[in-house]
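Quick notes on the structure that follows.
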Amino acid sequence: MAVEKAPANSILRLELRVGVSPEGNPVYRTRSLNNVKPLAADQDIYDVATALAGLQEYQLNGISRVDIGQLIQV
């Protein structure tokens, strides 16, 4: 039987560099924004993420998109 993925939700994650550990390693924190439209274009999400990063106190290290979907047997 075939299985299809039905988009349910997306999460936008900003990885921010918040400092340096005592050992000299960078320390990162993640900010997550839930309930992103799963059909939103990657470029649109990237543009929003970079705009939000400009409002943050810390330096942006990376942008991630996590897509969540339901697997449906058809």
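Structure notes:
- The single residue among GLY24, GLY54, GLY62, GLY69 that is without any contact (Cβ under 8 Å) to a residue 60 or more places away in the chain and either more than 16 Å from the chain's Cα centre (by Cα) or closer than 30 Å to MET1 by Cα (or both) turns out to be GLY24.
- Taken together, the residues in the range 29-74 that are assigned to a strand (DSSP E or B) and open to solvent by 90 Å² or more (accessible area, probe 1.4 Å) amount to 8.
- Matching residues in the range 1-21 - criterion: being open to solvent by 40 Å² or more (accessible area, probe 1.4 Å) and touching a residue at least 12 places away in the same chain (Cβ under 8 Å): MET1, ALA2, VAL3, GLU4, LYS5, PRO7, ALA8, ARG13, GLU15, ARG17, VAL18
The values are calculated or read from the model by the stated rules, or taken from the named source; none is laboratory data. Please read all numbers here as calculations on a predicted model, not as lab measurements. No Cβ is skipped: glycine too gets one built from the backbone with ideal geometry, and neighbour counts run over all protein chains shown. We work out accessible area using only protein heavy atoms, side chains counted, and drop any ligands, DNA or RNA first. Shrake-Rupley method; radii C 1.70, N 1.55, O 1.52, S 1.80 Å.
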